[in-house]
Every structure is written in C-alpha cells, then in structure tokens.
1. Within region 445-453, can one find any residue that is closer than 23 Å to Glu262 by Cα and modelled with pLDDT of 95 or more?
2. Condition first: within 11 Å of the ligand (Cβ to nearest atom), in contact with a Lys or Arg (Cβ under 9 Å, 6 or more places away or on another chain) and assigned by TED's automatic domain parsing to the domain that holds Ala100. Can you find one or more residues in region 188-206 that meet it?
3. Taking the criterion of being open to solvent by 10 Å² or more (accessible area, probe 1.4 Å), within 16 Å of the ligand (Cβ to nearest atom) and assigned to a strand (DSSP E or B), would at least one residue in region 269-288 satisfy it?
4. Please pick out the residue among Asp123, Asp104 that is open to solvent by 50 Å² or more (accessible area, probe 1.4 Å) and either at pLDDT below 95 or out of contact with any strand residue (DSSP E or B) (no Cβ under 8 Å at 6 or more places or on another chain) (or both).
5. Can you find a residue in region 463-482 that is touching a Phe, Trp or Tyr at 6+ places or on another chain (Cβ under 6 Å) and within 16 Å of the ligand (Cβ to nearest atom)?
6. Is region 220-240 home to any residue that is in contact with a Cys (Cβ under 8 Å, 6 or more places away or on another chain), within 10 Å of the ligand (Cβ to nearest atom), open to solvent by less than 50 Å² (accessible area, probe 1.4 Å) and free of Cβ contacts under 8 Å to residues at least 40 places away in the same chain?
7. Go through region 129-154 and count every residue that is part of a loop (DSSP other than H, G, I, E, B) and of a type in the set (Asp, Glu).
8. Do you know which of the residues in region 62-98 that are of a type in the set (Val, Ile, Thr) and outside any helix (DSSP H, G or I) is least open to solvent (accessible area, probe 1.4 Å)?
Amino acid sequence: MAAAKMLIGGEWTDSASEAKIPVVSPFTGKPFADVPKGGREDMRKAIDAAREAFDKGPWPRMTARARGEVYLKAAQLLSQRAPAIAELESRNQGKTIKQAADADIPGAIDNLVFYAGAVRTLDAKSPQEFLGDGTTIFRREPVGVIGSITPWNYPFPMAVWKIGPALVTGNTMVLKPASWTPLSTLELGRAFAEAGLPKGVLNVVTGPGEEVGAELCRHPSVDMVSLTGDTATGKKIMEQGASTVKRLQLELGGKAPFIVFEDADVPAAVEGAIVGGFVNGGQDCTAATRLIVHRSVREKFEKGLLDRVKQIRVGDPASRSTDLGPLVHASHQKRVLEWVEKGKGEGAKLRSGGSGAGGKLQAGAFVVPTVFDQVAPDMQIAQREIFGPVLDILEFEKFDEAVQIANGVEYGLAGSVWSTNVRTALRAANALRFGDVWVNDHLPLGSETPHGGFKQSGFGKDLGADSLLDYTVVKNLYIDLTGQARKGWHYTVYGDPS
Ligand code: NAD
C-alpha cells in the first residue's frame, strides 16, 4: 500500500498524531494507500509556514513573469506525469480513465499555462491627478495567506482552480483536499516543489474538514478562504470565518436546468443531456439534472434519452471502453440510492436504473444511469443536489413557465437552453439566473472562461482572468506633488484659507 505525506513548509511530513486516513478504491471497495490524518496542530504549522512565506519570503516580491516561469515548469513536469496522475485520479475517484486522461488532467495543466500568461496582463488603472495636487495609483496586490478547501468530485482540477489564480498573483496557500481523494493534490504539490516554488508558499494538509478545515477558516493569520464544496459547507465556512472577517470565495452546489424548447434539435438535445447529465457519474456541480422539456417534444426526447441510456457502458473505470464508473465512495452511493427512494416516494416515475450494479461490479460503489419522469418542480429530487447519475424530466408549455421552473431553485451555477430559434434561445439565456449558460450545448468550460455561481451557488470566479481579481486587493496610493507643508485643503480641518 502506498503511503503519502503532507507538504508543510517545504517538508514532506506525517501528522503530529501519526494517525492515517485510508484511501479507498471505489471500484474494489478496498484501501490502496493512506495519507496522514492531519490535526489542528499540523494545520497551525502549515498556516505559520504560509504566513512566513508571505511576510518574509521572496514569492510575493518576485515579478509576475518569474512566478509564471515556475508555473510553466510545474506544468511541464505534470505533463510528463499526466498518464500516471490520470490513472491515480481514476483509481481514487472512480471516474473513467478516458475522462481523467483526455479531459480532467490535461485541462487542468492548461489552466496553469493560462495563468502563467494571464497574470502578466494584470495592470493598474492609469495613474491620474484625480485630486489635483497629487497622483493616485491603484495598485493591485496579493491578499496574503489563502486557505483553500477542495471537494472530491474533480480532485486535481479543483486544486488547480484554487492554486492557479492564487499563487501566480503572489499569495501563499494552505490547501486542504477532500479526505476521500487527496492523492492527486499531493502530486500537484510535488510538481510545484520540484519546479522551484519557494518553501511554505504551497502547503497541503490532509485531514477532516470539521477539524483542519475549520481551523483554516478560523485562524487569524489566514486572510481569505476559498471553498469549492456543498452549499451547506459554504454556510458553515461563512460562520467560521466571521470572527476574523475572512474574505471569501465560495463555489458551491448546483442543480442545473436544461430547457428543451419545442423548436429544439431533439437528437442534439438528447446527446447533450446524456453527456451533461452523466458526466463524472453525475458528480458535477454543473450536471444537467433537471431536463425541462416542452410538452410537444417530451415524448420524442424521452424515448431518445432512454434509448441512449441503455447504451451507456457501466464498468471498471480503468477500461477505455467504460462510460460510467463507480461513484466516489460506498457511503455516497448509499446517499444517492436513498434519493432514488425519496423520488419514488414523492410520486416521480422511475423510467430507468435506480439501483447499484450487480454481478462482477457488486463490490463497486455503482449507481446505474437513472431517469425519472413526471417530476414536479417542487419535489425534493428537483430542488436538491443529488450528485449522482440521476436525471429528472419535467414538462412545460409556456416560455415563462420554463424560465420560472429553471430559476425556481436556490442554486444558480449553470444551465442550458436548447432551441434553433435565436430569439427564443437568447431570451431564455438572458432570463436564467445562473453563472454559466450554454445554448445548444452543456458543460464546455476552459481556462479563459470565468466560472462561478449566482444565488446560493456562491460568489467569486474560478477560471478566467476574472479569478485573478478575486485573489488580489486594490490599494489606493496617493503621492503628493506640491511639496508644501501646509496644503490648500488643510484649513478645512484647522485654521483659515491662506
Ligand atoms: P463538501 O462540502 O462535503 O466538502 C468540500 C470540502 O470541505 C472538503 O475538503 C471537506 O473536508 C471540507 N469541509 C467540510 N466541512 C468543513 C468545515 N466545517 N470547515 C471547513 N472545511 C470543511 O463537498 P463534497 O461533497 O466534497 O463535494 C461536492 C460538492 O461540491 C457539491 O455540492 C458540488 O456541487 C460542489 N462543487 C461545486 C463546484 C463549483 O464550481 N461551484 C465544483 C465542484 C463541486
């Protein structure tokens, strides 16, 4: 069994307690590695290291170009190791090897390359004499020590989405990956260390969220916390960070609408629903979980969808011909199957799936592709995030009804509209209160595209040049040009005008 260590202050270390967290393959249900179970003491050490690196180290004082060069070196090392990292990610998370190797890992490496260049385009607004006697400069500076907390659904990309904009702008960081999926994040730490990142700039602490994550949120030396996770966790983090007035960036849950209008290209919408709904086993915050379909095309769409569902190959995630691997963990599988029961209890009709996989796949945390129809907008399965391969079909008649159903959830992360009429598509896209909206597609995101939620899906952006702004603060700097001891405006405080 492989044993990994945490990265604190440039050293690879065990936890002070020497306790371990087993890392389990969701395909076999067996542990294949372990990582240190970090505690508060370890977290404090990591925060101190990040603080010291920010206050006294070279990193925040280096040029953007020099920091970008470290990124390019790390990206090069990661590219060389990409096949091994993809294998590790697939084994640990359960996602298919084709998704890990052809999308997640190369996509995240490209994010780093993007940030290496994008940071060099950050500029101050043109300095001017706004106040007459002095020049004002708006400086954009790093925030300081960032605490980043990542989820288990896309372990490597989510860690990159946090590290990418944060370190390149001169911050330092303590990163806490989800306990089920810590391995690829440690590989990321290794590549950055080998690429010449100064000690203490990036610290990776593995351990339980309620303990080490909470410490990260509460500690006064941390300037900002960035979380990708559940909306409920986001709320806890806001509370935990309140007493030290933490800056926050929250990328939270979603329940994406997928509206199919009467004039949609139905076969294209079917393909879009399959990939948008079952991507990463449905464990995707942007997954197309609410298929809101016009009454006139509902039957055709549903038939096409159910035909396609039968063709999804469920199996060993390590095989290139598998389309759907196990969910991340047996306890998550249990939770998703409970949601299926809840859906049936609410009166939705199960049209496909709804169970684990039998036979040779029995030991894996599988949920086979599941489709409900006759789902009403206020049912819990249409309101809450299930985070598994479970799709709901809802029906509508009028344009406004579709928009109302789509917006009628607490989330606002992502959604799509399907129509061949440009006016319908654009009117609907504009009316959706979601941070990512696609027309006649669902999912595309790239290094350049800002991604982040409205409403209770959080605030701030991952990806894109906009995310660089989240990790910087503006300093208003004024330089007197008069050289006079007594300035013209001083009489407004004391004395008379001269
Ligand atoms: P989660 O909220 O359970 O855990 C996320 C992280 O928070 C983990 O590292 C966990 O250990 C930590 N954590 C838990 N409690 C904490 C606390 N009290 N203080 C500090 N840290 C704590 O989420 P998950 O189940 O790992 O991931 C799935 C969720 O992530 C879904 O809701 C999904 O929608 C969301 N997500 C959102 C985006 C986005 O871009 N908006 C992207 C991916 C996933």
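The values are calculated or read from the model by the stated rules, or taken from the named source; none is laboratory data. All figures in this text were calculated on a predicted structure; none of them were measured in a lab. A quick note on method: Cβ atoms are made from the backbone with ideal geometry, for glycine too, and the neighbour counts reach across all protein chains shown. What goes into the accessible areas is simple: the full protein's heavy atoms, side chains included, and nothing from ligands, DNA or RNA. Shrake-Rupley method; radii C 1.70, N 1.55, O 1.52, S 1.80 Å.
1. No, there is no match, as no residue in region 445-453 is closer than 23 Å to Glu262 by Cα and modelled with pLDDT of 95 or more.
2. Checked region 188-206: at least one residue is within 11 Å of the ligand (Cβ to nearest atom), in contact with a Lys or Arg (Cβ under 9 Å, 6 or more places away or on another chain) and assigned by TED's automatic domain parsing to the domain that holds Ala100.
3. No, that holds for no residue.
4. Selected residue: Asp123, the only one of Asp123, Asp104 that is open to solvent by 50 Å² or more (accessible area, probe 1.4 Å) and either at pLDDT below 95 or out of contact with any strand residue (DSSP E or B) (no Cβ under 8 Å at 6 or more places or on another chain) (or both).
5. Within region 463-482, none of the residues are touching a Phe, Trp or Tyr at 6+ places or on another chain (Cβ under 6 Å) and within 16 Å of the ligand (Cβ to nearest atom).
6. yes
7. Of the residues in region 129-154, 2 are part of a loop (DSSP other than H, G, I, E, B) and of a type in the set (Asp, Glu).
8. Thr96
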